[in-house]
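Each remark here refers to the structure printed beneath this line.
The values are calculated or read from the model by the stated rules, or taken from the named source; none is laboratory data. All values reported here derive from a predicted model rather than from experimental measurement. All Cβ positions, glycine included, derive from the backbone under ideal geometry; neighbour counts span all protein chains shown.
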Ligand SMILES: *Cc1c(COP(=O)(O)O)cnc(C)c1O
């Protein structure tokens, strides 16, 4: 894996900022998904099959499939919903992952699914959906401990919030004066609650709720146009589910000039760029 991931200076729309290119950690085990899997792989050193859960377009499934192949593990995924085929699952299969599609109701009880299929298999190891959990957070702290420069404002996307919590932990330790800008990409994340429980007195983060575009994987033409323009002008591929919304928020915030003139801004590219393939028919040619 390409760790530490590169830092890149970007000039876009007359604005200057840096990007932590976690998307370049690996073409398939990309971004925060490797950060979140790293310690699970350590813990599963003596296991042979890694079992996880995800939607049919999950970056996490692809990351696990590719990392499993690289490190000599079998991988198995319970996929939410009816049987489908798409680009991401096709790639997972190429990396040797096996699947079972499960209806939305059964999908909720992941421990039960695991127990029924792998309960007697001592060499099977359970990895939560999206690699969430404390190991995942621990891996994400390293996004910050790797930085070689000081930043005042850092932007990251939030799906479950594991990455944001890990990044915030890293900031408290390494750059306590920095401000974290969190851009939720799913509705009703309740991150505010988690943060106030863990950091009741911290004022150095903002949850930008206004860049949701209606919810998870919801898009409009403004967002799609932004993703195309950003990619064309910077050479950095972004997708409309995660990093598209995050960079949209970063650019809008910089344009509003509410940040101090001397601020040094960093966007964390959490990877997942292949997710854009699922949108190819939404982009107008
Ligand atoms: C999964 C994912 C996220 C969300 O990470 P959380 O830790 O669940 O908040 C952000 N960006 C990309 C590209 C992802 O694939």
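Some observations on this one:
- Of the strands (runs of 3 or more DSSP E) lying entirely inside segment 141-254, those carrying at least 3 residues that are at pLDDT 95 or above and under 14 Å from the mean Cα position of the chain (by Cα) are 153-158, 179-184.
- Filtered residues of segment 165-175 (kept if more than 16 Å from the ligand (Cβ to nearest atom) and either within 19 Å of residue 34 (Cα to Cα) or out of contact with any helix residue (DSSP H, G or I) (no Cβ under 6 Å at 6 or more places or on another chain) (or both)): 172, 173, 175
- Exactly one residue out of 277, 259 is surrounded by 15 or more Cβ atoms within 10 Å (Cβ to Cβ), more than 12 Å from the ligand (Cβ to nearest atom) and at pLDDT below 95: that is 259.
- In segment 62-71 there is at least one residue matching the filter, namely being part of a loop (DSSP other than H, G, I, E, B), without any contact (Cβ under 8 Å) to a residue 60 or more places away in the chain and away from the ligand (no atom under 16 Å from the Cβ).
- Output for segment 262-274, where each listed residue is more than 16 Å from the ligand (Cβ to nearest atom) and either closer than 24 Å to residue 56 by Cβ or out of contact with any helix residue (DSSP H, G or I) (no Cβ under 7 Å at 6 or more places or on another chain) (or both): 262, 263, 264
- Selection within segment 210-222 - farther than 18 Å from residue 59 by Cβ and in contact with a helix residue (DSSP H, G or I) (Cβ under 9 Å, 6 or more places away or on another chain): 210, 211, 212, 213, 222
- Segment 139-164, subset surrounded by 18 or more Cβ atoms within 10 Å (Cβ to Cβ) and away from the ligand (no atom under 16 Å from the Cβ), residue nearest to residue 2 (Cα to Cα): 147
- Only a single criterion out of (1) closer than 26 Å to residue 91 by Cβ; (2) touching a strand residue (DSSP E or B) at 6+ places or on another chain (Cβ under 9 Å); (3) touching a residue at least 60 places away in the same chain (Cβ under 8 Å) is not satisfied by residue 274, namely (2).
- Residue 89 being closer than 23 Å to residue 238 by Cα and either surrounded by 18 or more Cβ atoms within 10 Å (Cβ to Cβ) or in contact with a helix residue (DSSP H, G or I) (Cβ under 9 Å, 6 or more places away or on another chain) (or both): yes
- Once segment 126-138 is narrowed to residues that are more than 10 Å from the ligand (Cβ to nearest atom) and not in a loop (DSSP other than H, G, I, E, B), the residue that is surrounded by the most Cβ atoms within 10 Å (Cβ to Cβ) is 135.
- Test set (1) assigned to a loop (DSSP other than H, G, I, E, B); (2) more than 16 Å from the ligand (Cβ to nearest atom); (3) modelled with pLDDT of 95 or more - residue 120 fails condition number: (3)
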